Amino acid sequence: MKTKQLLAMILAGMMTATAFAGCGGGGGTDQPSGDGGDGGDGGNSTALEVKENAIVDESVFGDEDNITLKVWAPEKAVDLTKKQIEDFKAAYPGKTFTNIEVVIQGEDSAATQILNDAEQAADVFGFASDQLNKLTDAGVIQEVAFVDYVTKTNVAETVTSATVNGKLYAFPETNDNGYYLVYDKSVVSDEQAKTLEGILEGCKAAGRKFIFDSGSPFFACTYAFTAGVKIDGFEEDGETQKFVDYDEDEAVATLQAFSKLMHDYKGTYASLGAAQIASGFSTGTCGAGVDGSWNTVPDQKALGDNYGAAKLPTINVNGTDKQLISMFGYKYIGVNAFSKFPRSAQILALYLTGDKCQKERTEEVGWGPSNLKVAGDEVVTSSPTLQAITAQAQNAVPQVNIAPTLWDPMGNLGNKLIADETDPTDTEFFRSLLKETIVNVKDEA
Amino acid sequence: MIKSYKLRRNIANAIIYVILAIMGIIWVSPFAYLLMHSFRAEGLITVNYLIPHEWTFQNYIDLFTVKGSLNFPRWLLNTFVVALFSCVICTISVLAVSYTFSRLRFKARKKLMNVGMILGMFPGFMTMIAIYYLLKAMGLDRNLVALVICYSSGAGLGFQISKGFFDTIPRALDEAATIDGANKNQIFWKIILPMSAPIIVYTVLTSFIGPWCDFILARIIMGDRRDLYTVAIGLFDMKSEEFINTYYKQFLAGSVIVAIPITTLFMIMQKYYVEGVTAGGVKG
């Protein structure tokens, strides 16, 4: 009996040990980013000359030839990316490209997939700005070799948001990853769409809903930001969220104003997932909504000629109209630090984010460009959606340097504002709610 | 106090049936919702009413006409192939291990059974990172073979129930066969197996269902190889932020389709299944 117990214990011990060894092994292979990182300097100087259409001299490839690369692109952009890669190959006739493969991978989960196994991941990948810290922390993303060119040609915010500790890590691809107002023109007039009160009035009169996902932190942080409680990177410890200075009385009054509208227009102001907006347009239950740029196509399809887009509205707080401030992100293309062809990967990423490719993407997929030249182009200025997105970008907090503790308290704040039991006239409640939210975000509790 | 026994019984029965009916409705409602809304024509994602206004087959047609990267027919085929192979391997190994532990007597028998029991207590996904890197070292990552290996290699550890069943078959039969000149191998195939239909069916069912439900291992092994996805990961992908507005109703239809092979198998083998589960528990 004794020996059996002993045996069982030893075995259990061994099992646990192997389990840990497994994890250690997994983590270990991710570590040696050193040699991959060297590739980042492959371009060697920041003063590399970039010619028209983001083409460089073939000497930049160094001794890389018979190039094999894998590119991750979201489903919407796959066909276009394939075409662009053919153009890329044609632009470098002196090089042999054995295979440049385009694999579908959503930008929302690119970081997760890379951290799974960086060696098997794509050399060149698209991702959303909120994942940048994850990627740099794990050392799986290469520094950008063409800093000067990228800085010069892109919207400044997109570049600063991709810079960590003074180093630029990603090529800006779009300047559009945020949310804005979409509305059914037969329900809400263009004039009404300028104020939250007008939108709600229009929707209520038509018996339609106004959808704003108050429980989703990404959307709900609008309430805090509009109230003046904006985030401003990290404190000195590098992990606690920092806030700008704000006027507490005004912040409380703004939150109260939101809550009052939610309660006054109960049944109209609906806190539902953003994906419900397009669905609601198609069934005639939704009149307007705050929707993400990723849903533009279904929204347009559902509304047809009645499709209206604008920046977020204003809200009236004690007689003054305040613009709603949103959270706003960008999309980037990054280069894998484990790439076997680091120079080629850099050159391809540069090309894909260059003005020519960005313009094609705007024209064919409707993405808002980060390239300054394309941003002023007629394709952008003539599109109401892109105009709305650009206008909102100027009233937004960039989605970078976000502490993981920001999200839950923001969602909680939104849920409390709209909750039935909340009394919009109870100023003290909102004061304590605001304090509680800040404490929770800073994780001081 | 009600005197009449009949009345009391009827009242008790009525209460029990009402409770059971309510529970039944609650239990069935998600399936009813799934089935009805997989035929819904209007709306893009969820709607706030139960009965669809317009009915259509379009969701099913769309599901099987592939556009873009969401290739449901291929995923169905992948899953079916993986399930088939792991089912065969699992069944053979489970039955062989059970037979060994039930009939053969060797020195480490008890100890090995305990070891098997302890190992079986650890969930498979606990070692998923290690498994992934092992498979990668063997060049088997992103590969359907890897899935078959994962699902079937540990199967022998689930021997307890079928061993229990084999223990109930009288050893006198083995002895009679031995006298007639049969060896252990022949006894297994010719004597024991033909009498073990219920437990075979039970093993087949459980090992066939595994690959349809597993999400974690398949996800980590397949990475970005979308063409090699199984239905579990594929369906999950359909309701990701990127696809939900386009594919939600197809996702519902896909969920219904996935249920069909498993349900069919269950219906055919149901009779034995119950026998197998209970018979295995008779003598442990």
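None of the figures in this text is laboratory data; all of them are computed from the coordinates on show. This one's a predicted model, so the numbers in the text were calculated from it and none came from an experiment. In this analysis, Cβ positions are derived from the backbone assuming ideal geometry, glycine residues included, and neighbour counts consider all displayed protein chains.
Data overview
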read-out	value
Neighbourhood net charge (9 Å Cβ-Cβ; Lys/Arg +1, Asp/Glu -1) for A:Gln131	-2
Cα gyration tensor shape of region A:47-111, rounded if a/c is under 1.5, else prolate or oblate by comparing a/b with b/c	prolate
Positive minus negative residues near A:Phe61 (Lys, Arg vs Asp, Glu; Cβ under 11 Å)	-3
Listed peptides A:294-303, B:192-201 by packing density, highest first (mean Cβ within 10 Å)	A:294-303, B:192-201
Proxy reagent accessibility, fewest Cβ within 10 Å first, across B:Phe101, A:Phe212	B:Phe101, A:Phe212
Computed [θ] at 222 nm, deg cm²/dmol, chain B (DSSP H ≥ 4; -39,500 (n - 2.57); rounded to nearest 500)	-22500 deg cm²/dmol
Between region A:175-211 and region A:61-94, the Cα center-to-center distance that results, in Å	42 Å
Shielding score for B:43-56, defined as the mean number of other chain Cβ atoms within 10 Å	4
Peptide ranges A:172-181, A:279-288 listed from the most packed, as the mean C-beta count within 10 angstrom indicates	A:172-181, A:279-288
Estimated [θ] at 222 nm from DSSP helical runs (n ≥ 4, -39500 (n - 2.57)) normalised by residues in chain A, nearest 500	-13500 deg cm²/dmol
Share, in percent, of DSSP beta bridges within the protein assembly as shown that are antiparallel, nearest 5	65 percent
Size of charge dipole - chain B - debye, nearest 20, with Cβ of Lys, Arg +1 and Asp, Glu -1, no other charges	1200 debye
Proxy reagent accessibility, fewest Cβ within 10 Å first, across B:Lys6, B:Lys184	B:Lys6, B:Lys184
Rounded, prolate or oblate (a/c below 1.5 giving rounded, otherwise prolate when a/b exceeds b/c) for chain B by Cα gyration tensor	oblate
Subset of A:Lys301/A:Lys442; A:Lys82/A:Lys185; A:Lys83/A:Lys194; A:Lys83/A:Lys301; A:Lys260/A:Lys331 violating a 30 Å alpha-carbon distance limit	A:Lys301/A:Lys442; A:Lys82/A:Lys185; A:Lys83/A:Lys194; A:Lys260/A:Lys331
Per-residue Cβ neighbour rank within 10 angstrom, fewest leading, B:Tyr49, B:Tyr17	B:Tyr49, B:Tyr17
Prolate/oblate/rounded label for chain A (Cα gyration tensor, a/c 1.5)	oblate
Partner chain coverage, peptide B:231-240 - average Cβ within 10 angstrom	1
Shielding score for B:105-115, defined as the mean number of other chain Cβ atoms within 10 Å	1
Where the Cα pairs of region B:2-55 fall when distances are cut into 5 Å bins, in %	4, 17, 18, 12, 9, 10, 8, 7, 6, 5, 3, 1
Among A:154-165, B:103-114, the order from most to least packed when residues are scored by Cβ within 10 Å on average	A:154-165, B:103-114
